[in-house]
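Step one of this worksheet: look at the structure below.
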Amino acid sequence: MKYATVSEIVRELEEDPVERSGHVYHRIPFPEFAHLTASSSAESAQQKLELVRNVLDGRRARGLPCDRLLDIGANAGLFTFSLAETVGSVTAYEPHPRYGPIGEYLASARTPNVDWRPRPFALDEVTESWDVALMLSSFQWITEGDRKLEDGRRLLQALSRNVKCLIFELGLNSGSSAVTTRRRNHVGAIYHLLRRSTEYPHVDLVARTKPWEGAARSGWRYTFVCSQDDDAVPEVWYAPLKYVNV
């Protein structure tokens, strides 16, 4: 679908929400959409956004590059458009049949430094280099749960060569498309996935979040920062959000 105005997008979302428990999954960070409801926890999403900002600020403070950003699974653009204000460029991928066209229009109309690509992010897309990449709860959709897990591992391997810093989030054994494990220690399982599937010398757990309340959609998500940099991830990157529990 192609849009002609922001008002057209707002009207469509009001009349036909994308989500069952909200108009959209994450809020869309433009004033025209402020009245729409989100199905995910607004507090959790905002804390995660601040966590990413802390990572970027920490890299800037250390003189490390963070001007070229990649957002894999951008949804309707909460992180893409919010972070575009402080970086040079953002490349965003979102294959969803509704979020993809929404983000594509908003990028062209509002944020000229965003290159929005309404298609899946796959191995053949890793033809560029980025300073920082976000893969926030999109890995399990790329791998279709366990079905294409080896494809996901190869994608992580390629990203670790082309991205200086990867912010990666995953929850195990929950959701309609889930990577599963028999390990009781989910943190350890995700850590080993990243260690075995990437070339990053530093992999650090920085937060855990719970996007929804209630037993129907339970399960923690864990956020890791993976870095090519020679020294360990400094505490300032994630303080005071270490092990966020919302």
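Bear in mind these aren't lab numbers, they're just calculated from the coordinates by the rules spelled out. As the structure is a prediction and not an experimental result, all values here were calculated from the model. Cβ sites come from the backbone with ideal geometry, for glycine too, and all protein chains shown count toward neighbours.
Just a few scattered comments:
- Cα long-axis angle, helix 42-61 against the chain (0 to 90 degrees, to the nearest 10): 60 degrees
- Inter-centroid distance (Cα atoms) of the range 29-47 relative to the range 113-131, Å: 25 Å
- The chain: antiparallel DSSP beta bridges as a percent of all, rounded to 5: 40 percent
- GluC sites (Glu not before Pro) within the range 59-165, DSSP loop, no more than 11 other Cβ atoms inside 10 Å: 85, 128
- q = 0.11, 0.12, 0.15, 0.20 Å⁻¹, the range 108-233: log10 I(q)/I(0) [Debye, one scatterer per Cα]: -0.40, -0.47, -0.73, -1.21
- Compared with the rule-of-thumb size 2.2 N^0.38 Å for a compact globular protein, the chain has a Cα radius of gyration ratio of 0.97.
- Overall form of the range 122-167: prolate. Here a/c, set by the Cα gyration tensor axes a ≥ b ≥ c, is 1.5 or more, and a/b is the larger of a/b and b/c.
- Most positive-pole-ward Cα, 45, 113, 180, against dipole of the chain from beta carbon charges: 180
- Where labels lie 7 Å past Cα in the beta-carbon direction, separation of residue 119 and residue 196 in nm: 3.2 nm
- Gyration tensor analysis over the Cα atoms of the range 1-124 returns equivalent ellipsoid semi-axes of 25, 17, 13 Å (largest first, whole Å).
- Helix-derived mean residue ellipticity, 222 nm - over the chain, DSSP H n ≥ 4, -39500 (n - 2.57), to 500: -9500 deg cm²/dmol
- Proximity of backbone amide H atoms, modeled 1.01 Å from N, is registered between residue 115 and 90, 91, 92 at under 5 Å, excluding neighbours fewer than 5 places apart on the same chain.
- Kirkwood Rh and Cα Rg combined as Rg over Rh, evaluated for the range 64-120: 0.95
- Within a straight-line Cα-Cα reach of under 17 Å, residue 210 can be paired with the following aspartates and glutamates, leaving aside sequence neighbours fewer than 8 residues apart in one chain: 43, 50, 169.
- The relative contact order of the chain, computed from alpha carbon pairs under 8 Å that lie at least 6 residues apart in sequence, is 16 percent.
- Rounded to the nearest 0.05, the FRET efficiency derived from the C-beta distance between residue 184 and residue 21 at R0 = 25 Å is 0.25.
- Positive minus negative residues near residue 60 (Lys, Arg vs Asp, Glu; Cβ under 12 Å): 0
- Cβ crowding within 10 Å averaged over residues, with 12-24, 59-71, 88-100 ranked highest first: 88-100, 59-71, 12-24
- Rounded to whole Hz, the Karplus (6.51, -1.76, 1.60) HN-Hα couplings of the range 143-152, x for glycine and proline: 8, 6, x, 8, 5, 10, 4, 5, 4, x
- The magnitude of the dipole of the chain, with charges of +1 and -1 set on the Cβ of Lys/Arg and Asp/Glu and taken from the Cα centre, is near 820 debye.
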